[in-house]
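The values are calculated or read from the model by the stated rules, or taken from the named source; none is laboratory data. Quick caveat, the model's predicted, so the values are computed rather than measured. Because the Cβ atoms are built from the backbone with ideal geometry, glycine has one as well, and the counts that use them run over all protein chains shown.
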Amino acid sequence: MIGPAAIRPVLDDQTFKNALSMLAAPLTVVTTQDEDGRRWGLTASSVTSASLTPPLIIVAIARTSSCAAAFAEAPEFVINVLAEQHRGLARRFAASSIDRFDGQDFAVWPGSRLPFVADAHAAFHCEAADRIRVGDHDLLVGRPTEVCVNGSTAPLFWYRRDFRTPA
């Protein structure tokens, strides 16, 4: 039960982050490739379906991300829903100032140049449908054109600032 002492106004970023850490979120690695052939990717936990008809998915990307410009121009991308065996991959793609793809084994989505995680829990190949500026993030709206579902292991979540899997 929440008591009066636990209720407080959102006055600063840390209070807001602390409250958000209680919201379990699926972990994904979102990938694309620019027109020069350079691969880009990031770990994202702010991913959600936006519409069933037509099917649309939203990914929130911080404008301070090293990948922000690439995703702002990308005509297509892949959302890889991570499973329990992808903890290391999630950490790597959340790191900055490294080549996130170096030493990583990615497949190429058939009929495109896009890298994807072949054993992902699920993967959505998307066309960029819209981009919306919201606060310090851009919402990348994707229209899934193809999907790959493996789903044979436990999903990976971000909860209380750590990687978790269902008990």
Residue under evaluation residue 95, criteria (1) more than 12 Å from the chain's Cα centre (by Cα); (2) within 28 Å of residue 13 (Cβ to Cβ); (3) modelled with pLDDT of 95 or more, criterion not met: (3)
Go through region 28-38 and give me each residue that's out of contact with any helix residue (DSSP H, G or I) (no Cβ under 9 Å at 6 or more places or on another chain) and in contact (Cβ under 8 Å) with a residue 24 or more places away in the chain. 37
By residue number, the members of region 27-40 that are closer than 14 Å to residue 124 by Cα and of a type outside the set (S, T, N, Q) are 27, 29, 30
Kindly check whether there is at least one residue in region 46-62 that is over 23 Å from residue 165 (Cα atoms), in contact with a strand residue (DSSP E or B) (Cβ under 9 Å, 6 or more places away or on another chain), assigned to a loop (DSSP other than H, G, I, E, B) and touching a residue at least 60 places away in the same chain (Cβ under 8 Å). yes
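Evaluate the following for residue 124: is it among the aromatic types (Phe, Trp, Tyr), modelled with pLDDT of 95 or more, assigned to a helix (DSSP H, G or I) and out of contact with any helix residue (DSSP H, G or I) (no Cβ under 6 Å at 6 or more places or on another chain)?
No.
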Please determine, by comparing only the residues of region 63-73 that are in contact (Cβ under 8 Å) with a residue 60 or more places away in the chain and farther than 21 Å from residue 120 by Cα, which one is nearest to the chain's Cα centre (by Cα). 68
Among the numbered criteria (1) of a type outside the set (Ser, Thr, Tyr); (2) buried (at least 17 other Cβ atoms within 10 Å of the Cβ); (3) part of a loop (DSSP other than H, G, I, E, B); (4) more than 14 Å from the chain's Cα centre (by Cα), which one does residue 110 miss? (2)
Only one residue in 107, 123 is in contact with a Pro (Cβ under 8 Å, 6 or more places away or on another chain) and within 13 Å of residue 29 (Cβ to Cβ), so which one is that? 107
Of the residues in region 81-107, those that are part of a loop (DSSP other than H, G, I, E, B), out of contact with any helix residue (DSSP H, G or I) (no Cβ under 9 Å at 6 or more places or on another chain) and closer than 19 Å to residue 46 by Cβ come to 95, 96
Residue in region 17-36 that is farthest from the chain's Cα centre (by Cα), counting only those that are under 17 Å from residue 66 (Cβ atoms) and assigned to a loop (DSSP other than H, G, I, E, B): 36
